[in-house]
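Colleague: Before we start, here is the structure in question, set down as structure tokens.
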Amino acid sequence: MTRITIVTITYQAAKVLQPTLDSVLCQHHEWVEHIIVDGASTDGTVEMAKAYKQQSDAMGNGHEVRLLSEPDNGLYDAMNKGLQMATGDYVCFLNAGDRLADEETLARVAEVAEAYSDGVSPAVVYGDTDIIDAEGRFLRHRRLAPPEVLSWRSFKHGMLVCHQAFYAHTQQARQVPYDTRYHFSADVDWCIRVMKKAEEGKEPLCNAGKVLALYLEEGQTTLHHKESLKERFDVMRRHYGLCTTVAMHVWFVIRRMVRGS
């Protein structure tokens, strides 16, 4: 059975963490590893994570919770720690405050991964994302929707698959760690590089055909929107070239103006 690792990065996240933990705890899929990488929080985050681990262990449902709390060099350094710790067949990064879509989310990811019949495991299983508020109330579907056929070239149109709905085969993903030169958009770069590696190995990318993640509207990228946009431009320039990147950003502006009219 496909084993899935969820990695959650935390720092002073006590106000938003519990719903994230609950959404993983309630998963019906049996083989789940939840790694929490904490940056030495002092607000009760670690205590909350420890209580969650005790609750999960007591349930005896095949879920394993692992906690690491120590100083780090930022979000993507912590993500690299989680990536190296992961032992599941697939790994996904679920931020504190975000949630898995429902109790069958991981079972659906495993089903899609196991259904591929050509003897090659998918390099990525991906799906859609809904936006929620701090109370977990549905606000809207994410504007960018995942295509039925995905490749690394797809992201020149924007990040069509949210990071929290992107399940990468762990063995391959570990070979392309997050670029810690970026502070807000290394996830975009990482997803592209994972998909590039999949193409090199002729490994498929499979659409789960459902919402996999609930994304908290006021995440770090939202709070640092301008800085994130600058980094994303640089990521796109590196992967798609300057001319293509400029042309696509002109199109983004025109599209936004048309929609706002």
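The values are calculated or read from the model by the stated rules, or taken from the named source; none is laboratory data. If you're wondering where the values come from, they're calculated on a predicted model, not measured in any experiment. Neighbour counts run over all protein chains shown; Cβ positions are idealised from the backbone, glycine included. Heads up: the accessible areas ignore ligands, DNA and RNA and are worked out on the full protein's heavy atoms, side chains in. Shrake-Rupley method; radii C 1.70, N 1.55, O 1.52, S 1.80 Å.
Colleague: Would you list the membrane-span-like helices of the chain, meaning whole DSSP H runs whose alpha-carbon atoms span at least 18 Å along their axis and whose mean Kyte-Doolittle value is at least 0.5? Intermediate values should be presented prior to the final figure.
Modeller: On the way: long enough: 45-59 (21 Å, -0.75); 186-200 (21 Å, -0.42); 225-240 (22 Å, -1.73); 242-260 (27 Å, 0.87).
Flagged H segments are 242-260.
Colleague: Further, regarding this structure: Among Gly74, Met159, Val194, which residue has its Cα positioned farthest towards the positive end of the charge dipole of the chain, with +1 placed on the Cβ of Lys and Arg, -1 on the Cβ of Asp and Glu, and the dipole taken about the Cα centre?
Modeller: The residue sitting farthest along the positive end of the dipole is Met159.
Colleague: Taking 0.36 nm per residue of separation and subtracting the Cα-Cα distance, what length does fully extending Gln171 through Lys210 add?
Modeller: Working: separation 39, 0.36 × 39 = 14.04 nm, distance 2.46 nm.
So the chain would gain 11.6 nm between Gln171 and Lys210.
Colleague: Given a Förster distance of 30 Å, report the FRET efficiency between Leu144 and Glu70 from their Cβ-Cβ distance, rounded to the nearest 0.05. Intermediate results must be reported in sequence, preceding the final value.
Modeller: Details: r = 35 Å, r/R0 = 1.16.
It comes to 0.30.
Colleague: Where nothing but the Cβ of Lys and Arg (+1) and of Asp and Glu (-1) is charged, how large is the charge dipole of the chain around its Cα centre, in debye to the nearest 20? List each step's numbers first, then the result.
Modeller: Working: 29 positive and 35 negative charges, 253 e Å.
Its charge dipole is roughly 1220 debye.
Colleague: Let me ask something additional. For region 170-241, just say rounded, prolate or oblate: build the C-alpha gyration tensor, square-root its eigenvalues into a ≥ b ≥ c, call rounded for a/c under 1.5, and beyond that prolate if a/b exceeds b/c, oblate if not. Each step should come with its number before you reach the end.
Modeller: Numbers: a/c = 2.04, a/b = 1.27, b/c = 1.61.
Oblate is the answer for region 170-241, as a/c is 1.5 or above yet b/c matches or exceeds a/b.
Colleague: Now a separate question. Going from most exposed to least, what order do Phe166, Phe138, Phe184 have by accessible area with a 1.4 Å probe? Each step should come with its number before you reach the end.
Modeller: Working: Phe166 0, Phe138 115, Phe184 45 Å².
Descending order: Phe138, Phe184, Phe166.
Colleague: Can you order the peptides 86-94, 68-76, 99-107 by their average number of other Cβ atoms within 10 Å per residue, highest first? Before the final figure, lay out each step's value.
Modeller: Numbers: 86-94: 22.9, 68-76: 16.0, 99-107: 20.6.
Ranking the peptides 86-94, 68-76, 99-107 by packing returns 86-94, 99-107, 68-76.
Colleague: Could you calculate the FRET efficiency of Lys156 with Glu111 from 1/(1 + (r/R0)^6), where r is the beta carbon distance between them and R0 is 35 Å, rounded to 0.05?
Modeller: Values: r = 30 Å, r/R0 = 0.86.
Result of the calculation: an efficiency of 0.70.
Colleague: Just add up the charged neighbours of Ala13: K/R +1, D/E -1, any other residue whose Cβ is under 10 Å from the Cβ of Ala13. Intermediate values should be presented prior to the final figure.
Modeller: Working: positive: Lys15; negative: Asp38, Asp43.
With Lys, Arg at +1 and Asp, Glu at -1, the net is -1.
Colleague: I'd like to know which of His28, Phe184, Val235 lies farthest towards the positive end of the charge dipole of the chain, counting +1 on Cβ of Lys and Arg and -1 on Cβ of Asp and Glu.
Modeller: About the Cα centre, the residue reaching furthest to the positive side is Val235.
Colleague: Does region 25-94 come out rounded, prolate or oblate, given a ≥ b ≥ c as the square roots of the eigenvalues of its C-alpha gyration tensor, rounded meaning a/c under 1.5 and, failing that, prolate meaning a/b above b/c? Write down the numbers at each step before the final one.
Modeller: On the way: a/c = 2.71, a/b = 1.29, b/c = 2.09.
Cα axes put region 25-94 in the oblate bin.
Colleague: Please list, ordered by chain and number, the residues whose modelled amide H lies under 5 Å from the amide H of Thr10; skip anything fewer than 5 residues away on the same chain.
Modeller: Close amide H contacts, sequence-distant or interchain: Val37, Asp38, Gly39.
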